[in-house]
Amino acid sequence: MASPMWIKVNKSIRLSADSRFFSQRFYTVQREPMKYILVTGGVISGIGKGIIASSVGTILKSCGLRVTAIKIDPYINIDAGTFSPYEHGEVFVLDDGGEVDLDLGNYERFLDINLFRDNNITTGKIYQHVINKERRGDYLGKTVQVVPHITDAIQEWVMNQAKVPVDKDRQEPQICVIELGGTIGDIEGMPFVEAFRQFQFKAKRENFCNIHVSLVPQPTATGEQKTKPTQNSVRALRGLGLSPDLIVCRSTKPIEMAVKQKISMFCHVEPEQVIFIHDVSSTYRVPILLEEQGIIKYLKHRLNLPVDDEKSRHLLKWQRMADRYERLLQTCSIALVGKYTKLSDCYTSVFKALEHSALAINHKLNLMYIDSAELEPSTKAEDPVKFHKAWEKLCKAQGILIPGGFGSRGTEGKIQAITWARERKVPLLGICLGMQLAVIEFARNCLNWKDANSTEFDPNTKNPVVIDMPEHNPGDMGGTMRLGKRKTVFTTSSSLLKQLYDNAESVEERHRHRYEVNPELTQHFEEKGLKFVGHDTEGQRMEIIELEDHPYLVGVQFHPEFSSRPMKPSPAYLGLMLAASGKINGYLQNGCKLSPRDSYSDASEESSSDN
Ligand code: GLN
């Protein structure tokens, strides 16, 4: 075990960031061992294992514990940076520039923590690590094998990463939730399962438990809820040496008690170890459902946790949020004009950020996905019905969001949507590529530079208003972007976004791009009313645009959606939602506060960071 129960320290060792030193003589200091909760999945993937794992973490955090999370993706890629959103959904970006699985976004949002690239483990990273060690001669004379070298590397990685502070208080976490991607039995997952089989003994029983998330299907033919897939997957798990401490059964409808008895009997667990999570109206309900079924009490005893197991006030905020979510009366419709609209997972964080903002102003979000290519004249020729339907949706939207993206497909349709928003004064937020396209649109239609473009789409354009960044190395695709948290300094106090960001002098948001607005040409735009109101710290890189005489035409080079939280919506997204619902002026005049009618009292009365 990496964190021994008792460690000896002497004066010369600085123990914490507050620079307190221990006295000369030796003290015996109690250090609680880390508690590990491994979340595995059975039957099929995509049943919400990530949400269950995040919710377990949320519950423990709301009991006052410090929680961190590790996501394991057993694929060979080093990271998610080169993934197609079609296959894997969105690439989530962390503060440190890590390009990771979108599940890390769930952990950050639910737990209000900031994770690091090493909180996402892939087979590729583990093998790279072991092979590098082998080349260095660390295993000299030995045959390097999956067991023990790969399995040891996995355990060491988990133990080291679990200790890294992820909270604002910079203290070492007490609980580490580990989600193993895929389902039990997958070939790729085997070394990880074996690593945890060994690890349960290393960590000791009271410090390690397994939550197995399974599926209880209900075939329409009989209407019966079936336990056999769960029985089989628990058997497979046991065959690999892990026993579930909790079996979380996912189902479409609430599960009957008799089913609980059956799973308990056939899976060799107590009924209290079987938990049901049926499909619910919002993910905010999941922690509440888990808590209602006694998970705090169970984990308290199983892991010897220093928490209260009384029926808790802990999750009150989530309860209120879930209740409010279900009772929203007003709707705000936003058109998301993107490229990957067939799979909503491609824009998970954008969707969440919009939802957080809508909830903050007591509105239900009506998000309409529009495939930008369908707005283009070529679609009009090929499929006029599709074209008109896409335009109908755009015309109905109260606000428009142009998300980030890569490659030229669909960019002309996005530009059309921007023209619509600019001319009709429809609120619009452009994220990264969305901001670059707003600049191109303005150049073409307001500066009359008809062939204005980005060198990403037309390397030979005579009006390169968006250009390669000097550090962009076109030879390599993995990890070659400007990534992670960077500072943007506001250049004018009249900026809308500055006001929305609480009148901050600067903001730090996450980036992921290779191209930037051409800094040589900005003056032409400014003269015509498109203002660059935020720069990087050197004043070279354009980070925020705002259009004069428009309720809200804002573009940001960064991705504020990655730092939006359920009770702390991203200011840029909140601005769009306020403008779309006609409330932005009132909000700004009121010192960036919502009127009592629009705000939800419990959100303002409670601190948002301690959920
Ligand atoms: N393709 C653009 C760039 O690389 C925009 C990237 C993005 O939207 N994330 O700069």
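The values are calculated or read from the model by the stated rules, or taken from the named source; none is laboratory data. Model, not experiment: these values are computed from the prediction. So basically every Cβ, Gly included, is an ideal-geometry build from the backbone, and we count neighbours across all protein chains shown. Keep in mind that these areas ignore ligands, DNA and RNA; they rest on the heavy atoms of the full protein, side chains included. Shrake-Rupley method; radii C 1.70, N 1.55, O 1.52, S 1.80 Å.
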Scan the stretch 112-145 for residues that are open to solvent by less than 20 Å² (accessible area, probe 1.4 Å) and outside any helix (DSSP H, G or I) and jot them down. ASP112, ILE113, LEU115, ASN120, ILE121, THR122
Would you say GLN557 is within 14 Å of the ligand (Cβ to nearest atom) and modelled with pLDDT of 95 or more? yes
Restricted to the stretch 184-223 and to residues being within 19 Å of TYR36 (Cα to Cα), in contact with a strand residue (DSSP E or B) (Cβ under 8 Å, 6 or more places away or on another chain) and part of a loop (DSSP other than H, G, I, E, B), the residue least open to solvent (accessible area, probe 1.4 Å) is GLY189
Hey, among the residues in the stretch 359-416 that are of a type in the set (D, E, K, R) and within 16 Å of the ligand (Cβ to nearest atom), which one's surrounded by the most Cβ atoms within 10 Å (Cβ to Cβ)? LYS414
Might you check whether a residue that is under 20 Å from LYS352 (Cβ atoms) and at pLDDT 90 or above occurs anywhere in the stretch 600-611? no
Does ILE431 satisfy the criteria of being over 19 Å from GLU548 (Cβ atoms), in contact (Cβ under 8 Å) with a residue 60 or more places away in the chain and within 15 Å of the ligand (Cβ to nearest atom)? yes
List pairs: first residue in the stretch 290-303 and closer than 20 Å to SER251 by Cβ, second residue assigned to a loop (DSSP other than H, G, I, E, B) anywhere in the structure, Cβ distance under 7 angstrom, at least six positions apart or on different chains. GLU291/SER312; GLU291/LEU315
Which listed residue is among the charged types (D, E, K, R) and closer than 22 Å to HIS363 by Cβ, from GLU561, GLU520: GLU561
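Using the structure shown, decide if LEU437 is open to solvent by 20 Å² or more (accessible area, probe 1.4 Å) and either touching a Lys or Arg at 6+ places or on another chain (Cβ under 8 Å) or within 16 Å of the ligand (Cβ to nearest atom) (or both).
Numbers: open to solvent by 20 Å² or more (accessible area, probe 1.4 Å): no; either touching a Lys or Arg at 6+ places or on another chain (Cβ under 8 Å) or within 16 Å of the ligand (Cβ to nearest atom) (or both): yes.
Judged against the criteria, LEU437 is not a match.
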Restricting the stretch 440-457 to residues that are away from the ligand (no atom under 13 Å from the Cβ) and either without any contact (Cβ under 8 Å) to a residue 12 or more places away in the chain or more than 18 Å from GLU546 (Cβ to Cβ) (or both), the residue that is most open to solvent (accessible area, probe 1.4 Å): LYS450
With respect to the numbered conditions (1) at pLDDT 95 or above; (2) of a type outside the set (Val, Ile, Thr); (3) crowded, with 20+ Cβ neighbours inside 10 Å, which one is the sole condition not fulfilled by ASN106? (1)
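In the stretch 524-553, what count of residues is obtained for those that are of a type in the set (A, V, I, L, M) and more than 16 Å from the ligand (Cβ to nearest atom)?
4
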Does LYS226 meet the test of being among the basic types (Lys, Arg), part of a loop (DSSP other than H, G, I, E, B) and surrounded by fewer than 15 Cβ atoms within 10 Å (Cβ to Cβ)? no
I need the full set of residues from the stretch 380-396 which are charged (D, E, K, R) and part of a helix (DSSP H, G or I), in order please. LYS380, GLU382, LYS386, LYS389, GLU392, LYS393, LYS396
Those residues of the stretch 507-523 which are within 16 Å of the ligand (Cβ to nearest atom) and of a type outside the set (A, V, I, L, M) amount to GLU509, ARG510, HIS511, ARG512, HIS513, ARG514, TYR515, GLU516, ASN518, PRO519
Go over the candidates ILE178, ILE150 one by one and state the one that is surrounded by fewer than 23 Cβ atoms within 10 Å (Cβ to Cβ), of a type outside the set (D, E, K, R) and under 28 Å from GLY46 (Cβ atoms). ILE150
Leading residue by the ranking (nearest to the ligand (Cβ to nearest atom)) among those in the stretch 489-506 that are in contact (Cβ under 8 Å) with a residue 60 or more places away in the chain and surrounded by 14 or more Cβ atoms within 10 Å (Cβ to Cβ): LEU497
